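Colleague: Take a look at this one; I'll ask things after.
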2 protein chains.
Amino acid sequence: MTELETCMKSLIDIFHRYADSDSDGTSLTKKELKKLCDKELPSFMKAQKNPEIVDRILKDLDNNKDEKLNFEEFLPFICSLMVAADEFCLSRGKKGKK
Amino acid sequence: MTELETCMKSLIDIFHRYADSDSDGTSLTKKELKKLCDKELPSFMKAQKNPEIVDRILKDLDNNKDEKLNFEEFLPFICSLMVAADEFCLSRGKKGKK
């Protein structure tokens with residue numbers, strides 16, 4: 001597998017590692033999302049002022065209102081973090097060459 | 001860094017590896033997108049019947065109509081591939097437990 005394919009597979013695996021902890025292996029409950037954030041995104045969680053951040057993420061992304069996030073609902077969260085990180089790097093002149 | 005953070009960083013790095021080959025290091029030209037797809041997504045490219053697939057991807061995702069894909073425009077492409085791969089695995093009963 002290429003580096004990009006490996007990345008994509010890892011993202012799927014990480015999601016299911018946390019989503020599978022209950023009988024519904026296809027979605028993250030609030031508890032599973034909190035555990036994923038705490039374990040996989042410690043810097044992000046530490047930077048949050050809102051103690052209810054996980055509730056907020058769930059509320060914002062739970063399109064089908066089942067109080068869980070399936071993989072497709074979860075991805076915009078990860079994408080927004082990547083875009084923010086990329087813009088941060090660009091603004092500090094690390095990546096982009098104007 | 002956690003596994004998820006490493007994945008996210010790699011995705012950003014892979015994008016810039018191809019986007020940086022010209023003076024505009026923040027976006028993929030058609031040529032750069034083609035090179036990324038050929039090198040990083042060979043299985044996807046081999047499975048395509050439409051020889052103009054790269055034109056199609058660019059046309060579909062180029063929201064600001066600058067004939068290039070910035071990182072934010074590029075991510076939906078990767079997300080759609082991951083969702084498709086995840087659904088394929090679920091349908092084959094690898095991941096989800098019903």
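For (1) facing chain A (nearest Cβ under 8 Å); (2) modelled with pLDDT of 95 or more, each residue gets a yes or a no:
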{"residue": "B:Glu3", "(1), (2)": "yes, yes"}
{"residue": "B:Ser21", "(1), (2)": "no, no"}
{"residue": "B:Leu33", "(1), (2)": "no, yes"}
{"residue": "B:Asp38", "(1), (2)": "no, yes"}
{"residue": "B:Lys49", "(1), (2)": "no, no"}
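Colleague: Evaluate the following for B:Ser80: is it outside any loop (DSSP other than H, G, I, E, B), surrounded by 14 or more Cβ atoms within 10 Å (Cβ to Cβ) and of a type in the set (S, T, N, Q)?
Modeller: yes
Colleague: Could you go through region B:81-90 and let me know if any residue there is under 11 Å from the mean Cα position of the chain (by Cα), over 15 Å from A:Phe77 (Cα atoms), more than 9 Å from every other protein chain (Cβ to nearest Cβ) and modelled with pLDDT of 95 or more.
Modeller: The answer is no; no qualifying residue exists.
Colleague: From the list B:Ile53, B:Ile78, B:Ile57, pick out the single residue that is more than 7 Å from chain A (Cβ to nearest Cβ), closer than 26 Å to A:Cys89 by Cβ and not small (Gly, Ala, Ser). Please lay out each step first, then the result.
Modeller: Numbers: B:Ile53 fails: closer than 26 Å to A:Cys89 by Cβ; B:Ile78 fails: more than 7 Å from chain A (Cβ to nearest Cβ).
Just one listed residue meets the conditions, B:Ile57.
Colleague: Give me the pairs: first residue in region A:50-69 and of a type in the set (S, T, N, Q), second residue surrounded by 11 or more Cβ atoms within 10 Å (Cβ to Cβ), beta-carbon distance under 7 Å, and six or more apart or on different chains, which are they?
Modeller: A:Asn50/A:Arg56; A:Asn63/A:Glu73
The values are calculated or read from the model by the stated rules, or taken from the named source; none is laboratory data. Small disclaimer: the values here were computed from a predicted structure and weren't measured. Neighbour counts are summed over all protein chains in view; Cβ atoms, including those assigned to glycine, are modelled from backbone coordinates with ideal geometry.
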